[in-house]
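Please read the structure below before turning to the comments.
The values are calculated or read from the model by the stated rules, or taken from the named source; none is laboratory data. Computed from a predicted model, the values in this text were never measured in an experiment. In this analysis, Cβ positions are derived from the backbone assuming ideal geometry, glycine residues included, and neighbour counts consider all displayed protein chains. Surface areas here come from the heavy atoms of the whole protein model, side chains and all, with no ligands, DNA or RNA. Shrake-Rupley method; radii C 1.70, N 1.55, O 1.52, S 1.80 Å.
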Amino acid sequence: VNEHDLADEIRQVLDDGLDRMDGETRARLHAARRQVLNSAFTPDGRGGALALARQHHRIVLALLAGALFLTAWFMLRPEPLADGGDLDILLLTDDIPPQIYADWRLVRREDVGPLCLTVN
Amino acid sequence: VASSQEIDAFLAGVERRAFKHAAFAVRDHHSALDIVQNAMLRLVERYSDKPAEELPLLFQRILQNAIHDHFRRAKVRDFWVRLVSPLRDKDEDNGETLESVAAHANAPRQPGPEDEISGRQHIAAIEQALSELPARQREAFLLRYWEELDVAETALVMGCSEGSVKTHCFRATNALAEKLKKKGIQP
C-alpha cells in the first residue's frame, strides 16, 4: 500500500465528511466558539476583565494575598498599651503628681513631698 | 499578537476538523463537542497573546491534551463507580479497557437502507475504520495527513520522537488498508 496515495484518498473523504456535517453540530460548534470569544474579549476586540484576570492570574493572586494579609494584620494587631488622653486628665485633676515622669535621680526630696518613694 | 478577529477566523476554520478528531477518539457526540469547546477556551485563555501563525500547532497540542484528559477523567470516574457499586454484576468486568468499552457502547450506527447515498456510506466506513485504529496511530495519521503537519511538528504535538511518528503512520496506513479491504473498499 502506498502510504501517501491512501492518505490522499482518506483526506479527500474526510474533507467530504466535513462538508456534509449536520447543521445542528455546526450550530453547536459556532455557539461554543462565540461563547469562548465573548468570555475572553470585549465587543471592541480587546481582552475583557475576565480574560485579563486569567492571563495575569499570578498578579491577581499576589494582590489578593496582599489584601488578605493587610486585613488580617489590621484585625489582629495588639491594642495600644495605654491611652495618653486618660493620663492627661489624671494629671490635670492632680490625681498624678507631675514628678512621676521625672528621673528619680534629678528630683529633690522636698519637691516630691512625704509620699514620694526614695531610692538609695 | 493575534487579534480577536484572527482568533475567531482561525477557530472557525478548525472547529469542524477538531470536532472530528475528538469524535474519532471518544466516539461520543456530546463529549466531542465539550472537548472542542474546552480546547478553544484553553487556547484563548492562555495563548491569545501569541502570534496568529503559532495558533495551529498550539491548538492541535491543546486538542490532543484535552482528548487525553477526557480519557484520564473517565478512568478516575470509572474507578470510583466500581468502588462504590458493590451490586455491580461481576460478569461485566471482563478486563476490557475503558476506551474499548466506550467504543463498543457508542459505536457509530451502521448505515441502514435509509442511508443509501453511497458517498455517505463511503465516508462512514472510512471514519469508522479510523475510529477503530489504536489512539496513537490515529493521532499520528490524522495530524500528519489531514492536518498536513510535517513529521517534526507531529512529533511536537504528540510529545514523541520523529521516528515514532513515522512508525505510527506506517502502521496506521497498513491497518486502514486492511480494514477498508475487509469492508469491500479498495484503496
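In this structure, does B:D8 turn out to be open to solvent by 10 Å² or more (accessible area, probe 1.4 Å), facing chain A (nearest Cβ under 8 Å) and outside any helix (DSSP H, G or I)? Spelling it out, it is not the case that B:D8 is open to solvent by 10 Å² or more (accessible area, probe 1.4 Å), facing chain A (nearest Cβ under 8 Å) and outside any helix (DSSP H, G or I).
Here B:E139 does not qualify as of a type in the set (D, E, K, R) and surrounded by fewer than 21 Cβ atoms within 10 Å (Cβ to Cβ).
Sub-7 Å Cβ pairs linking a first residue in segment A:1-24 that is closer than 19 Å to B:G13 by Cβ and facing another protein chain (nearest Cβ under 7 Å) to a second residue that is of a type outside the set (K, R) and open to solvent by 60 Å² or more (accessible area, probe 1.4 Å), at least 6 apart or interchain, number zero. Does segment A:35-45 contain any residue that is within 8 Å of chain B (Cβ to nearest Cβ), modelled with pLDDT under 80, more than 19 Å from B:A124 (Cβ to Cβ) and in a loop (DSSP other than H, G, I, E, B)? Yes, some residue in segment A:35-45 is within 8 Å of chain B (Cβ to nearest Cβ), modelled with pLDDT under 80, more than 19 Å from B:A124 (Cβ to Cβ) and in a loop (DSSP other than H, G, I, E, B).
Per-residue answers, yes or no, for (1) over 12 Å from the mean Cα position of the chain (by Cα); (2) within 21 Å of A:H56 (Cα to Cα); (3) facing chain A (nearest Cβ under 8 Å); (4) without any contact (Cβ under 8 Å) to a residue 40 or more places away in the chain:
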| residue | (1), (2), (3), (4) |
| --- | --- |
| B:E15 | yes, no, yes, yes |
| B:A25 | no, no, no, no |
| B:A32 | no, no, no, yes |
| B:Q37 | yes, no, yes, yes |
| B:R46 | yes, yes, yes, yes |
| B:L55 | yes, yes, no, no |
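Each residue in segment A:1-32 was checked for being open to solvent by less than 20 Å² (accessible area, probe 1.4 Å) and more than 25 Å from B:A172 (Cα to Cα), and 3 of them qualify. Taking the condition more than 12 Å from chain A (Cβ to nearest Cβ), touching a residue at least 40 places away in the same chain (Cβ under 8 Å) and open to solvent by less than 50 Å² (accessible area, probe 1.4 Å), does B:L176 pass? In short, no. When each of B:S131, B:S161 is tested for being among the hydroxyl-bearing types (S, T, Y), touching a Pro at 6+ places or on another chain (Cβ under 9 Å) and modelled with pLDDT of 90 or more, the lone residue that passes is B:S131. Taking every residue in segment B:73-86 that is closer than 22 Å to B:D34 by Cα and pairing it with any residue that is in a helix (DSSP H, G or I), at least 6 positions away or on another chain, the pairs with Cβ-Cβ distances below 6 Å are B:A74/B:L98; B:K75/B:L98; B:D78/B:L98. Open to solvent by 70 Å² or more (accessible area, probe 1.4 Å), basic (K, R) and at the interface with chain A (Cβ under 10 Å from one of its Cβ atoms): does that describe B:R77? No; evaluated as a whole, the condition is false for this residue. Among the residues examined, B:L87 qualifies as away from chain A (no Cβ under 14 Å) and at pLDDT 55 or above.
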